[in-house]
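First up is the structure itself, then whatever we jot down about it.
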Amino acid sequence: MKAPSDRLYTKTHEWIRIEGDEGVVGITDFAQDNLTDVTFVELPEIGRRVAARDQVCVIESVKAAADVYSPVAGTISAVNPELESHPELINSDPYGRGWIFRLALEQPAATEGLLSAEEYGALITEK
Amino acid sequence: MAPSSQRNEHAAAGEHPVYLRVIYPEPQPYRKVLHLMERLAAARAADRVTDSVLLLEHEPVITVGLKTRPEDFLLDPAEIRIRGIAVERTSRGGGPTYHGPGQLVLYPIVRLSTLPLARGGLLAALEEIARRTAADFGIRAFRRPGMPGIWTERGKLAAVGYRIRRDVSFHGLSFNVDCDLAPFSYINPCGLSGGEVTSVAVESACPPPLEEVRRCMVAHLDCLLGRRAWPVTPARLAEMLAGGSPLQG
């Protein structure tokens, strides 16, 4: 499964792309594949402060539900409005239009413990 | 390197070579098992326990998934309880379903990233376990596009629904062996318009004992997980969780 190299990953299958002092967060192709057809995304509240690995929201599919965690500490600065009417974007474009929320980063460099695309790829394929 | 040799290498290194397999001999109250799964999933996510799979029957219960709407009940929940069936909220995805004696449930509390999953993920793997188990008893069962679960021409034979927290799954698969099918008509089971459910007993001229179906299911489970079972009694599992002893396989 592909994992773009322009971002960082968590062991719980989120990705974050750092853009200056902000980060864009979504779930990986592996995560959406295990969820199957997404029917609802419970979007987080803008302005909420989260620590790294805090549970931020729940994604529901036809037969499953998965919790989403924040890869780093920050404050939710935006959510993807398109997911309200098109939650299936999580399945069809997990690394693009299926982004979930933006974070104003607490410390722009606090990315220790996150995985590179290569490390994440190894995590989900080496069996 | 071939996937199988990689797997063996991991096994040799002691990394998740086995999973804990726990078979409950008696039908279990739903709420007790739900609490156990939640604790096991948290322990698995913290690496205090290796992967485990619970195999059991439930006492009669209608469970309500996150997606359940009031109109999914075709009979008042109070009336359902009067008929001796519990109604319980759960943390899994999906709509309502029925569990009861004569139905095998399989709950994998496993780290998804350690499984040899193909495209379609855990859902497809669980459906495949059900399909192969049905085939063992001469039942032609299949997947239906857009309608998760395993089906025969008569109706739904197996249902799937789960939750993923921190890379760990819980809840899972239910497979109708020889259970009362009437309670499915009290609900829209996971989005069905009622009625269209079946069981191994309905499908086969000579219904096999539940233990035999479980034996076949376990063989397919081991095959799809790509590892072997370490059988543990329910009492031992409870001790391990309570004592906080390392449960690494």
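Bear in mind these aren't lab numbers, they're just calculated from the coordinates by the rules spelled out. Nothing here was measured: the structure is a model prediction, and the numbers come from that model. Counting neighbours? That spans all protein chains shown, and the Cβs are built from the backbone with ideal geometry, glycine included.
General remarks:
- Relative to the globular-protein estimate of 2.2 N^0.38 Å, the Cα radius of gyration of segment A:33-114 stands at 1.09.
- Kirkwood estimate for chain B, i.e. one over the average of 1/r between Cα atoms, Å: 18.5 Å
- Folded to 0 to 90 degrees: helix B:234-243 orientation relative to chain B principal axis, Cα: 60 degrees
- Rg/Rg_globular for segment B:63-158, with Rg_globular taken as 2.2 N^0.38 Å and Rg from C-alpha atoms: 1.24
- The protein assembly as shown gives an Rg/Rh value of 0.97, both radii derived from C-alpha positions and Rh following Kirkwood.
- Each residue of segment A:34-50 was assigned a 3J(HN,Hα) from its phi angle through the Karplus curve 6.51 cos²θ - 1.76 cosθ + 1.60 (θ = phi - 60°); the sequence is 6, 6, 6, 4, 6, 10, 7, 10, 7, 6, x, 7, 5, x, 6, 8, 10 Hz, with glycine and proline shown as x.
- Couplings for segment B:116-124, taken from phi via the Karplus curve 6.51 cos²θ - 1.76 cosθ + 1.60 with θ = phi - 60°, read x, 7, 8, 3, x, x, 4, 4, 5 Hz in order; Gly and Pro are left as x.
- Backbone amide hydrogens, once placed in the peptide plane, bring residue A:65 within less than 5 Å of B:93, B:162, B:163, B:164, excluding anything fewer than 5 places away on its chain.
- The amide H of residue B:172, built 1.01 Å from its N in the peptide plane, has B:161 as neighbours under 5 Å, considering only residues 5 or more places off or on other chains.
- At most 12 other Cβ within 10 Å, DSSP loop - GluC sites (Glu not before Pro), segment A:1-30: none
- Among the residues of B:174-187, the average count of other protein chain beta-carbon atoms within 10 Å of the residue beta-carbon is 0.
- J(HN,Hα) series, segment B:160-177, from Karplus relation 6.51 cos²θ - 1.76 cosθ + 1.60, nearest Hz, glycine and proline x: 10, x, 8, 10, 10, 10, 6, 6, 10, 8, 8, 6, x, 10, 10, 10, 7, 9
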